[in-house]
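Q: So that we are looking at the same thing, I have put the structure below in structure tokens.
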Amino acid sequence: MKKYLLPLLAVCFCLTACDDFLSKENPNKIESEFFFKNESSLELYTNGLIRSYATAILTFINGDRYSDSMSWDGEYLFYTDRYDVSDNTSWSWTNLRSINYYLANMRNAEADEATLDHYEGVGRFFRALFYIDKVQTYGSVPWYDHVVESTSEEDLYKARDSRAFLCQKILEDLNYACEHCSGDSKYRTRSTLINKYVALAIKARFCLYEGTYRKYHTSDLSDPQGRAWTSEEKAESTTYLNECIKACEEIMNSGVYSLVDDPSKRATQYRQMFIDGDGCANFTNEWIWARDYDESLNVKNQSYSINDYMTNAQHAQYQFNRDFLFTYLMQDGTPFTDKYPDYYKTTFAEETTGRDLRLTQTIRYPGFKRADGKNYPPSFVYTKTGYQPIKWLQDVINDEINASTFTDVPLIRYAEILLSYAEAKAELNACTPEIWDKTIKPLRERSGVTSIYPTKADDYLVKYFLNTVTDPVLLEVRRERGVELTMENLRQHDIRRWHMGELLVKVKTGMYIPSIETDLDLDLDGTPDNIVSANLTEKAGLSVLTINYNGSNKSGTGHILSEGDHGYIMVHTKLQSGYHWSEKKYLSPIPSADVTLNPDLTQNYGW
């Protein structure tokens, strides 16, 4: 026998329940005969897969905290060079075995051919999701389209398949799902089940990622030497972008989905999608796939309140990066940074007046209130930059720890389809005014922003994207994507596929502070509510941000002002001095223990 066996051995028993069952001669056969009898059993099994893959709300919201748009108090652990191959423990294949087991046995069920095709499509959809995550995390991995048995050394010691091969197989699975999964309304009820349009939406997302990844990255980091793409691999960028366009067009032309837009509610309707207790019913026209929670059934989205998670200093301490917030347009469609050439000295009131209506539905603004009618200004206790999120914060006063919430979570919205379509077209130099008017224009108009087809690159955006993009249409599509989809678990993926990792390690900025040790009135109600100080850690009635200044070291994380005793906030500068981005970080390392078990896996470039 081999001295070592891959962790896959452990997952070969993932569907078993007890020692008794493990002692059976052929547990898979018994499981198959027991489970896969009719359509109901197929539905039951795939509902379990939905539960595994429909992202939980905290994972969903947490995704952007590692991006350029946000900062949080633990991010320095992620971006320093202390992370190495021994720290990664996520090389798990349990879910894949469950999926392949299902696909190997599901056609034993008694159902008509169309139903069996639909449920095979559902299974292949989940296999595609599994491998999308693996490819985007590790690059190349072994491909398995069958159940791996504990006796199969060929499978257990398999080398990695190429990224090109894996993406081809992913696309095959997604195409099958797009063709065979039903689009019938019974599979679209409350946007929770897998159907034709969910498959098309994931195909569009995957193809946009792979198409732009191939375009902006020059090498295959799955190779230990980081070899350059071949000309064929590079050319596949166009293939994937066109596949994205086809998937988006099929959704757009179906007439099934549309943007939620009531002109009388534009000041609130965007945020309402993320705080509604029954969004799966109220936003079914825009939500393509969602996670449904139900208070009557006590199906809650977290063991404690999301409100508490976003307003309790012991938790994440989310905060927006001011540099990112500068990308929100004025309502007349012009850049904020054009209106205020000295934009780094603008006040909080100036920054929140006359802007894209999504800004004041994403962060606390002067006059923001909750259900008790009181003002809730930003608090430096919870948000070091001063830009405190409200996108997922319900207005009800429900901040107690362990208080449950039942907010439904939109995992894919129709807005993303419009944005993906526009971006893929722009990448191919084909985002004409006609395409713009079908995609970006309606998104801006429902946000109170006048739509202007761009003919000149915005200097601020060019600088923001590190002078690597100058096409005015592509820049504006990126602007719109960032604003519309912020805090929806996509931004870090976008930054990585665009080859913009340097943005992830830049020092995050906050509000402009005219002077330290001076009370601030951020909600403009005439009563001070915050203060930035080099000497205080607390002050009655005020939220305090303690900074380093003139030898002071009250804040171990090193928050400072850009000009010493005044200027814009720069958070975590002491910790961020150790931040570093290198090419290898676009992929995660394969855990060292698994490379030891199977040397044929090899390690990713640079790790």
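The values are calculated or read from the model by the stated rules, or taken from the named source; none is laboratory data. All values derive from a computational prediction rather than experimental measurement. Backbone-built Cβ (ideal geometry, glycine too); neighbour counts: all protein chains shown. These area figures cover heavy atoms from the full protein model, side chains too; ligands, DNA and RNA do not enter into them. Shrake-Rupley method; radii C 1.70, N 1.55, O 1.52, S 1.80 Å.
Q: Check whether at least one residue in the stretch 591-606 is hydroxyl-bearing (Ser, Thr, Tyr), on the phi > 0 side of the Ramachandran plot and open to solvent by 40 Å² or more (accessible area, probe 1.4 Å), and report yes or no. Outline the logic, then answer.
A: From the stretch 591-606, those hydroxyl-bearing (Ser, Thr, Tyr) are 592, 596, 602, 605; that's our starting set.
Next cut, on the phi > 0 side of the Ramachandran plot only: 602.
Pick out the ones that are also open to solvent by 40 Å² or more (accessible area, probe 1.4 Å) and you get 602.
Within the stretch 591-606 (the criterion being hydroxyl-bearing (Ser, Thr, Tyr), on the phi > 0 side of the Ramachandran plot and open to solvent by 40 Å² or more (accessible area, probe 1.4 Å)), the answer is yes, since at least one residue qualifies.
Q: Let me ask another. All but one of (1) touching a Phe, Trp or Tyr at 6+ places or on another chain (Cβ under 9 Å); (2) touching a residue at least 40 places away in the same chain (Cβ under 8 Å); (3) assigned to a helix (DSSP H, G or I); (4) buried (at least 17 other Cβ atoms within 10 Å of the Cβ) hold for residue 205; which doesn't?
A: Result: residue 205 passes all but (1).
Q: Return the residues of the stretch 322-337 that are of a type in the set (S, T, N, Q) and under 14 Å from residue 509 (Cα atoms); say none if nothing qualifies.
A: First, pick out the residues of the stretch 322-337 that are of a type in the set (S, T, N, Q): 327, 331, 334, 337.
Within the stretch 322-337, 327 is the sole residue that qualifies.
Q: While we're here: List pairs: first in the stretch 177-200 and under 10 Å from residue 118 (Cα atoms) and among the aliphatic types (A, V, I, L, M), second modelled with pLDDT under 95 and surrounded by fewer than 23 Cβ atoms within 10 Å (Cβ to Cβ), Cβ under 8 Å, 6+ apart or cross-chain?
A: These pairs meet every condition: 194/50.
Q: Still on this structure, I have one more. Looking at 537, 509, which one is under 17 Å from residue 562 (Cβ atoms) and touching a residue at least 12 places away in the same chain (Cβ under 8 Å)?
A: When all the criteria are applied, what remains is 509.
Q: Suppose we keep only residues that are without any contact (Cβ under 8 Å) to a residue 40 or more places away in the chain and aromatic (Phe, Trp, Tyr) within the stretch 132-175. Which one would you say is most open to solvent (accessible area, probe 1.4 Å)?
A: Among those residues, the one meeting the criterion is 165.
Q: Then there's this: Hand me the list of strands (runs of 3 or more DSSP E) wholly inside the stretch 486-597 holding 1 or more residues that are over 33 Å from the mean Cα position of the chain (by Cα). Even if it seems obvious, please write down each step before you answer.
A: Details: elements: 509-513, 530-533, 543-546, 567-570.
Of the strands (runs of 3 or more DSSP E) lying wholly inside the stretch 486-597, those with at least 1 residues that are over 33 Å from the mean Cα position of the chain (by Cα) span 530-533.
Q: Can you tell me which residues in the stretch 320-340 are out of contact with any helix residue (DSSP H, G or I) (no Cβ under 8 Å at 6 or more places or on another chain) and either at pLDDT below 95 or of a type in the set (Phe, Trp, Tyr) (or both)?
A: 320
Q: Tell me which of these residue 91 doesn't satisfy, since it passes every other one: (1) closer than 22 Å to residue 493 by Cα; (2) buried (at least 19 other Cβ atoms within 10 Å of the Cβ); (3) at pLDDT 95 or above.
A: It is condition (3) that residue 91 fails.
Q: Tell me which of these residue 441 doesn't satisfy, since it passes every other one: (1) under 30 Å from residue 282 (Cα atoms); (2) crowded, with 21+ Cβ neighbours inside 10 Å.
A: Residue 441 satisfies all of (1) under 30 Å from residue 282 (Cα atoms); (2) crowded, with 21+ Cβ neighbours inside 10 Å except (2).
Q: A further question follows. Being more than 30 Å from residue 214 (Cα to Cα) and either free of Cβ contacts under 8 Å to residues at least 12 places away in the same chain or open to solvent by less than 30 Å² (accessible area, probe 1.4 Å) (or both) is the filter here; which residues of the stretch 240-256 pass it?
A: The answer is 255, and nothing else.
Q: Give 447, 404, 420 a once-over and let me know the one that is at pLDDT 95 or above, assigned to a loop (DSSP other than H, G, I, E, B) and closer than 28 Å to residue 291 by Cα.
A: Every option except 447 fails the conditions.
Q: Check residue 373 against each of (1) in contact (Cβ under 8 Å) with a residue 40 or more places away in the chain; (2) over 20 Å from residue 262 (Cβ atoms) and name the one condition it does not meet.
A: Result: residue 373 passes all but (1).
Q: Test each condition in (1) open to solvent by 20 Å² or more (accessible area, probe 1.4 Å); (2) more than 23 Å from residue 245 (Cβ to Cβ) for residue 180 and report the one that comes out false.
A: Of (1) open to solvent by 20 Å² or more (accessible area, probe 1.4 Å); (2) more than 23 Å from residue 245 (Cβ to Cβ), only one is false for residue 180: (2).
Q: Let me ask something additional. Report, by residue number, each residue of the stretch 49-71 that is out of contact with any strand residue (DSSP E or B) (no Cβ under 7 Å at 6 or more places or on another chain) and under 18 Å from residue 392 (Cα atoms).
A: Scanning the stretch 49-71 gives 56, 58, 59, 61, 62, 63, 65, 66, 67.
Q: Quick check on residue 363: is it under 20 Å from the mean Cα position of the chain (by Cα), over 29 Å from residue 204 (Cα atoms) and of a type outside the set (Gly, Ala, Ser)?
A: On the way: under 20 Å from the mean Cα position of the chain (by Cα): yes; over 29 Å from residue 204 (Cα atoms): yes; of a type outside the set (Gly, Ala, Ser): yes.
Yes: the conditions hold for residue 363.
Q: What number of residues in the stretch 345-363 are closer than 23 Å to residue 563 by Cα and open to solvent by less than 60 Å² (accessible area, probe 1.4 Å)?
A: Summing the residues that are closer than 23 Å to residue 563 by Cα and open to solvent by less than 60 Å² (accessible area, probe 1.4 Å) in the stretch 345-363 gives 4.
Q: Could you tell me whether the stretch 412-428 includes any residue that is among the β-branched types (Val, Ile, Thr) and touching a residue at least 12 places away in the same chain (Cβ under 8 Å)?
A: yes
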